[in-house]
Structure formats: C-alpha cells, structure tokens
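What follows is a set of notes on a single structure, which appears directly below.
The values are calculated or read from the model by the stated rules, or taken from the named source; none is laboratory data. Remember, predicted model here, so these are calculated numbers, not experimental data. Here Cβ is always computed from backbone atoms with ideal geometry, including for glycine, and neighbour counts include all displayed protein chains.
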Amino acid sequence: MPHDQYALSVSGEKGGSIILSISGSASLDTISLMLPEIKTLLEEKHPSKLTADLGNIDYLDSAGALLLIQLENEAKRKSVPFAYLNMSDKVKGIMTLLDRDAISANPIIPEKRTIGFFERIGEASINLYDDILEVISFGGELTLEIIYSLFHLRSVRWTDVIVYMKKVGVDGLPIVGLITFLLGLILAFMSSLQLKQFGANIYVPSLLSLAMVRELGPIMAAILVAGRSGSAFAAEIGTMKVNEEVDALITMGFNPVRFLAIPKIFAAIMVVPILTLFADLFAIIGGLVIGVFFLDLTVYTYVQQSIKAITIFNIVTSMIKSVVLAILIAGIGCQRGFMVRGGAQDVGNATTSAVVAALFLIIAVDSIFAVLLSYIE
Amino acid sequence: MDNTELRTPNSDPIITVENLTARFGDETVLENVSFEIYRGEIFIILGGSGCGKSTLLKHMIGLHELASGRVIINGIDITSADDNEMVKLRRSMGMLFQSSALFGSMTLYENVALPLMEFTRLPLKIIDPIVKTKLGMVGLSGYENHLPSELSGGMKKRAGIARAMALDPTVLFFDEPSAGLDPVTSAELDMLIRNLNKGIGTTMVIVTHELESIFSVAHRIIMLDKSKKGIIAEGDPRELKEHSENPRVTNFFNRKATH
C-alpha cells in the first residue's frame, strides 16, 4: 500500500470544539503537504478546543508522530485544550518513542561560531608558535639520538637503513635524473640566448656546471627528496601513531625516535649527497645536448669547460649542504608523523605539512649557506 | 563459569596505585584512585563508557604522565624511575592494545621476535623455537610468515598476546581484548587468558566491560565511575552482582538499563 495517500477532514462549528480527522498515511512522504493543509483548515475553523482523531491512520512513522506533537504544542501555545482520539497501540508506541524534550533541550556545547578575522590571526600565530616549539623540542631529541647512535653503531637498525636507502635513493634516481636533465637543457638553452649575442657560447657549460654544483644540484635533489620521501616518512609514522604501533613500541621499551626516525635519517644522510652528484651530472648532460646540437661546441670542449669551472671546494661544500638538508628533510618528515593524533585527515595534514616545512627549510638553509660561503671565499 | 579453575593468587601486591590523578588539559578524568593488584591474580578494571578505564591503564603502564600520585610495579615507582629502570620494568610487562598494534610492515615472526632480538643476547637458533612456541601457545602455530593485514581480528589479538608474552613478562595488560570479537572467539580468548594465568602464573590486568568475560576470568575487579572520577566498587564480581548496595554496580552486572 503506498505511503503517500492521506485525507483530512474537520468537523465542528467555527470557534467551537473541532475534531480533526486524519486518515491514510501520516509519514515523511505526506507531512509536507499535510501541514499547510491542516494550518488552513484550522485557521478557518478557529477552534476553542481541538481533538485529533487518529482512528483512520493506517501508517504512522516518526515524522508523522512529530507532526502530531507539533500540533499539540501549537495548540498548547495558543491555550487551546488538545486531546487525541482513537489512538491505536501502534500509534501510541511510536508516539512514546519520541523524546519530546529533545526538541527543545539546549545543546551541551554551543554551536561553533565563526571567529572573526583578528581572532583568526591570533589563533594562527599561537599555532605557529606552538609548532615551532614542538619542532625545536623534537630537534633536540633527534640530535641526542643521532649522537647516541653514532657512538653505539650496533644499536642502529641497519636493515631498515638499507630499506630506506633504496626507497629514497635508488627509487628516487629516475625522477631526479629526468628533472635535472631537463633543467640543464633549459638553463643551457636560456643562457645561450643571451650569450649568443656576444659570441660567448663558450661560457654556457661553465655557467651551468657552476650553478648546478654550487646551488641548484643540492636544492633540486633536496626538493625531490622532500616531496617523495619527506611525505612518505610523515605518512608512515603518522599511520603507525593512529594504529597505536608507536604506543606499542614505547610499552615494549623501545625509544620510538631511535627505532623509527634514526634509520630514515641515516639513510637520507648517505643517499642525498649521491643524488646531488647525479643531479649535477644529469644537468650537465642536459646542457651537453644543447651545447653540441645548438651551440656548435664539441663534446670535449663542453666537458672540459664544465670541469674547469668547478673546484674541489665547490663539491665539498655542496656535499656538506646535501647532508644538512638530508637531516632536515628526514627530520621534519618524522616530526610531522609523530605529531599525528587523530585519524586519516590528520595523517594527510601531516604529510602535506612535512613537504611544505621541508621546502621552507631548504630555501632558508640554502640562503644561510650562500651568505656563509660568500664570507669564506 | 567454573571458578575452581582460577588459580589462587598470592597475597603479595605486584602493583600498587596510590592517589593517582589523571588530567587531560583542564579536565580531570581520574582523581585520587588507589588500589592494589596481587601477584598472580586476574584483575579487571571495568566501568561504563567514558569512566576512564583505558586512561587508567595507559597511566599505569607509563604512556601518559600522572598529574599526581604514584604507580609502583615490581617495586619500581614509574613516576620517579630513571630511563634504565623504566626499560628494565617494561621488559617485565607486556601489553595487548585494543587494535592489537602489531607492526604492519613485519611478519608475525618478526613481531614476536622483535623484543627477543632487541633485549636479549640469545642467538637466532634459540630465538626461533621461542617465537614458534609463543605463537603455538596462542593457537597461531604455522602463521609465522603471515603479515598482520592477512589475519582476522581474533587472530591479530592472539598474535598481539604472543608478542606481549615474548619476554615472559610477570604482568600482562589487556586493553579491551574482546572488543570487536564474536562470542566464540571471545570465549576462546578468555580460555587462553585463564590457561596462561593458571599455567605460568602471570598477573593479568584487563580493561573490559564484557560481562561474560568478567564472570569467566576475574579474581577481583574495580569499577570506575565517570561522575566519581574514581572507584565505586571493588571485589569479587559475582559477589558484587548479588550483594552490592550501589545500584550503579548492580545495574552494570545485571545488565539493567537505567531508563
């Protein structure tokens, strides 16, 4: 039987005792039509006493019951005495199921109000401050653990280190190689556009190799490692936090930083400098393609000019820079992971935050190195 | 529910909780909770939702810092112990987490072997049979090479127990062991708990609210209450069910709805 048929009728004198008979279905499908109809009928009749005859209702759900309760409350509000007639057991059952107090009860906590602009700035500042404190605190803990591990090499989980070396280094090589190859290509091409005007194409290789070895090689490798592995570390540790695996490590007597973070950081320290060297190499090869095919340089000339421009000092400082960046990227990735408290969304936020923070640190550290090196040279 | 099977515990406290207060930010969850757990007994912490039983457990094993009070396990006060003492203490305790918390990237073998390899100098050819017997004890013999993701909920819990028992701890903690398990698996877990207690004499501290388990395994219980932020009942659950004067206690054990 369809639940969308209903009929209403009123009997009684206008201004007197009115009986409202509802028949058919009083349910979710019908109440939206029923309500205005009842309103019109009652407004016409203007009852001094109202009785709802439920005898012909063949289907009532909680929406229909709510409608009746609203009727009752409205009558009470207008000080019109209200009564039900012919309430079957089934109808009674549903009516008692509804908690009338719930409709008017106050919520335990107030609605979330939208906070104003200045409040938001304040909140963001406080969050940033708290965040910086957490990072510094973790940084301190990490430093202690790195020192401990360097003096207690047997305590390091070397099998894990090797697994991460593969994930960060070997698996990352294709993308590092491809992107730096294209970068070298672009740099060589763009610089040659200007230098061509002065017949100074010979300077393209040295410009490229110096730029890569000193600055861009370490930065590109670091950025790609941050995106690939910094996020992965945050997601891995964050998910372990959600699964109580980090708590389990603590109760079993392990130090989670030593167990989970150290292998990742040691792996990064060993592998990022190598990735940097490959970045330099692939970029120079990219430049070589331009040099040979567009700038009429021979392979020998190109390579010789590239090597001439860089010194051992350049290479050593670029390696040192890589190691520092590796520690920062892996460190912030792990720190974000450890900060996860909630569920999937928290892990997602931590992952994003790990990459963003790492990128920020990369640029900041690179600037510091640039300043330092300018004083040394 | 034949209780003659339960091992009679010693009357020597292995865990003492003194005036424990637990706070999260501004909210005090537990206030001045004190009780003792005796060596060899199966002790259950129970109560309604939100009463703080998991919180109490996590404070007892040192996962959270106490706002005030002391917890003394095997003679060591966890609130004042240094790192070395804590590590030593942790080796004498085992915990089964609600989600079993098995390390997802390791096989069952590696999970159970981890504490053995880390904290003992035993060679692999001794660790190997230890791991296999622990898995056998919980009915998971042959599952050494399975990953946690390849197991059912009940199997994961049992694997978690095997790992918690790897170093033959003197105390085992369980956080809602029957959560999410069907009645048969839950009963099998109860039987495992009883057998381990009877056979090895390990003290067991269990947080649960599954009545069947409680009546089946408990020597003694404490009941926590949210409004009191502490203990409202202590003792033998069967006694409390019949004779407690506190209606909240009898309602709980007799599974009576309050409205």
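Listing for the model above:
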item: Single match in A:Glu236, A:Glu244, A:Glu215 (criterion: modelled with pLDDT of 95 or more and among the acidic types (Asp, Glu)); result: A:Glu236
item: Any hit, region B:145-156, residues being assigned to a loop (DSSP other than H, G, I, E, B), among the polar types (S, T, N, Q) and touching a Leu at 6+ places or on another chain (Cβ under 6 Å); result: no
item: Entirely in region B:24-126, the strands (runs of 3 or more DSSP E) that have 1 or more residues that are within 14 Å of chain A (Cβ to nearest Cβ) and over 26 Å from B:Pro177 (Cα atoms); result: B:27-38
item: Odd one out for A:Val292, checked against (1) without any contact (Cβ under 8 Å) to a residue 24 or more places away in the chain; (2) in a helix (DSSP H, G or I); (3) surrounded by fewer than 21 Cβ atoms within 10 Å (Cβ to Cβ); (4) under 31 Å from the mean Cα position of the chain (by Cα); result: (4)
item: Test: residue in region B:152-168 that is on the phi > 0 side of the Ramachandran plot, in contact with a strand residue (DSSP E or B) (Cβ under 6 Å, 6 or more places away or on another chain) and touching a residue at least 60 places away in the same chain (Cβ under 8 Å); result: no
item: Count of region A:336-358 residues which are in a helix (DSSP H, G or I), surrounded by 18 or more Cβ atoms within 10 Å (Cβ to Cβ) and of a type outside the set (S, T, N, Q); result: 9
item: Count of residues meeting criterion [surrounded by 12 or more Cβ atoms within 10 Å (Cβ to Cβ) and outside the structural domain of A:Asn56 (by TED's automatic domain parsing)] in region A:83-132; result: 2
item: Conditions (1) surrounded by 18 or more Cβ atoms within 10 Å (Cβ to Cβ); (2) outside any helix (DSSP H, G or I): number failed by A:Ala200; result: (1)
item: Which numbered condition A:Met212 fails, given (1) more than 14 Å from every other protein chain (Cβ to nearest Cβ); (2) in contact with a Pro (Cβ under 8 Å, 6 or more places away or on another chain); result: (2)
item: Residue check for B:Gly199: at pLDDT below 90 and in a helix (DSSP H, G or I); result: yes
item: Hits in region B:111-143 - residues which are surrounded by 17 or more Cβ atoms within 10 Å (Cβ to Cβ) and under 26 Å from A:Ser155 (Cβ atoms); result: B:Asn111, B:Val112, B:Ala113, B:Leu114, B:Pro115, B:Leu116, B:Phe119, B:Ile127, B:Ile130, B:Val131, B:Lys134
item: Qualifying positions in region B:202-259 - surrounded by fewer than 17 Cβ atoms within 10 Å (Cβ to Cβ), part of a loop (DSSP other than H, G, I, E, B) and without any contact (Cβ under 8 Å) to a residue 24 or more places away in the chain; result: B:Ser227, B:Lys228, B:Asp236, B:Glu245, B:Asn246, B:Asn254, B:Lys256, B:Ala257, B:Thr258, B:His259
item: Output for region A:205-263, where each listed residue is farther than 20 Å from A:Leu359 by Cα and among the aromatic types (Phe, Trp, Tyr); result: A:Phe254, A:Phe259
item: Unmet requirement for A:Ile147, which otherwise passes all of (1) in contact (Cβ under 8 Å) with a residue 60 or more places away in the chain; (2) within 30 Å of B:Met117 (Cβ to Cβ); result: (1)
item: Some residue of region A:266-275 being within 14 Å of chain B (Cβ to nearest Cβ) and touching a residue at least 60 places away in the same chain (Cβ under 8 Å); result: no
item: Single match in B:Leu46, B:Leu30, B:Leu66, B:Leu6 (criterion: modelled with pLDDT under 90 and under 19 Å from B:Val207 (Cα atoms)); result: B:Leu6
item: Criterion (part of a helix (DSSP H, G or I), away from chain B (no Cβ under 14 Å) and either farther than 30 Å from A:Glu134 by Cα or among the aromatic types (Phe, Trp, Tyr) (or both)) met by exactly one of A:Ser306, A:Ser322; result: A:Ser306
item: Output for region B:73-93, where each listed residue is aliphatic (A, V, I, L, M) and within 16 Å of the chain's Cα centre (by Cα); result: B:Ile73, B:Leu89, B:Met93
item: A:Thr351 modelled with pLDDT of 95 or more and closer than 22 Å to A:Met220 by Cβ; result: yes
item: Region A:232-254, residues that are within 11 Å of chain B (Cβ to nearest Cβ) and small (Gly, Ala, Ser); result: A:Ala248, A:Gly253
item: Odd one out for A:Gly24 among (1) crowded, with 16+ Cβ neighbours inside 10 Å; (2) on the phi > 0 side of the Ramachandran plot; (3) out of contact with any strand residue (DSSP E or B) (no Cβ under 9 Å at 6 or more places or on another chain); result: (3)
item: Criterion (exposed (fewer than 14 other Cβ atoms within 10 Å of the Cβ) and not hydrophobic (A, V, I, L, M, F, W, C)) met by exactly one of A:Thr180, A:Thr143; result: A:Thr143
item: Selection status of A:Val257, part of a helix (DSSP H, G or I), touching a residue at least 40 places away in the same chain (Cβ under 8 Å) and within 14 Å of chain B (Cβ to nearest Cβ); result: yes
